[in-house]
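Please read the structure below before turning to the comments.
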Amino acid sequence: MTPTKTLPMIQTVDLSKSYSLGGSTVHALDGVTLAVAAGEFVAVIGSSGSGKSTLMNMLGGLDQPDSGSVIIDGKNVGSLKPRDLAAYRGETLGFVFQQFQLMPRRNALANVMLPLQYRRPGVPDGEARAQAALDAVGLGDRGHHKPTELSGGQQQRVAIARALVGSPSLLLADEPTGALDSRTSAEIMDLLVTLNRNDGLTIVLITHDLEVADYASRVITMSDGKIISDEPRSVEAA
Ligand SMILES: Nc1ncnc2c1ncn2[C@@H]1O[C@H](COP(=O)(O)OP(=O)(O)O)[C@@H](O)[C@H]1O
Ligand SMILES: [Mg+2]
């Protein structure tokens, strides 16, 4: 009996968050209840201001809800002590952002190794693991290039390798193709689909681009802080 295996990777219950601005209240999240199973590839879509990033920040433990709870991989994220929260973020999650957020003075390999440097105890084979992560994103021969010596798509691959180096169970990506042209976006999405299908990586990806959302196996639409639709997609060979 391993009951934890049947728990969803992500479970949010009635998540709410409001902001007060100049006398008016914005319900950034308004009662979001969501379950995502391990191995799913979920796209969250919705217009600007619909609450996508607020939801993502709560899944990532970057922001706290006013009410409701977030349970990820069996951990109640909101009740973790700061040190446990940092360990959770470092060991369970990988993050990918629109603007890559690479360290400009470090080469690709050093950027990918970065998350491992915060591990206690340290990771003795960090360089080999970073190299393996670069290999996995097709940049095994670019480890010594600085970010400025790489294209936008290559920089995002380095950022994905950095997200993968700690062997996360969940990848959170906020508009990962937002700074890329459509052909490069398709390459990045093909990479994410491969990681999901071959390695069973659970992915939650925010996008406002319906073509990008098409790569996911489930699409959640948000509006005014609420989930207004949640649809499986037929997964066809791309
Ligand atoms: N720190 C904040 N202070 C005030 N309002 C915020 C803050 N963060 C988000 N909001 C508001 O909450 C709503 C949802 O924002 P967000 O989650 O960023 O939307 P999305 O990512 O879908 O564009 C928006 O109306 C936004 O202006
Ligand atoms: Mg956003």
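The values are calculated or read from the model by the stated rules, or taken from the named source; none is laboratory data. Only a predicted model underlies this, so the values are computations on that prediction, with no experimental measurement involved. Note that we place each Cβ from the backbone using ideal geometry, even for glycine, and neighbour counts take in every protein chain shown. Note: areas computed on protein heavy atoms with side chains; ligands, DNA, RNA excluded. Shrake-Rupley method; radii C 1.70, N 1.55, O 1.52, S 1.80 Å.
Computed over the chain with a Gaussian network model linking Cα atoms closer than 10 Å, the most mobile of P115, P176, P82 is P82. With all protein chains kept in place, the per residue accessible area of segment 6-232 amounts to 47 square angstrom at a probe of 1.4 angstrom.
Which of G31, G51, G74 sits closest to the plus end of the dipole of segment 24-101, meaning its Cα is farthest towards the positive end, when Lys and Arg get +1 and Asp and Glu get -1 on the C-beta? Result: G74, furthest along the dipole toward the positive end. Extending 7 Å from Cα along the Cβ direction at L21 and again at D190 yields two label points whose distance is 3.9 nm. For H144 and A87, the FRET efficiency from 1/(1 + (r/R0)^6), where r spans their Cβ atoms and R0 equals 35 Å, is about 0.70. Once the Cα-Cα distance is subtracted from the 0.36 nm per residue extended length, the Y118 to S223 segment shows a gain of 34.1 nm. Carbon-plus-sulfur accessible fraction, the chain (probe radius 1.4 Å, protein heavy atoms only): 50%. With springs only between Cα atoms under 10 Å, which of K146, K81, K226 fluctuates most in a Gaussian network model of the chain? In the Gaussian network model the winner is K81. Restricting attention to the chain, the count of lysine pairs at 8 or more positions apart or across chains with alpha carbons under 23 Å apart stands at 7. Of the residues I227, S217, L139, the one whose Cα sits farthest towards the positive end of the charge dipole of segment 131-238 is L139 (charges of +1 on Lys and Arg Cβ, -1 on Asp and Glu Cβ, taken about the Cα centre).
Look at the Cα gyration tensor of segment 52-188: its axes a ≥ b ≥ c give a/c of at least 1.5 with a/b at or below b/c, and that counts as oblate. The distance from the alpha carbon centre of segment 59-94 to that of segment 171-226 is 22 Å, rounded to a whole number.
Once the chain from S79 to S169 is taken as fully extended at 0.36 nm per residue, the excess over their C-alpha distance is 30.4 nm. GNM on the chain, alpha-carbon springs under 10 angstrom: the most fluctuating residue among M103, M56, M113 is M103.
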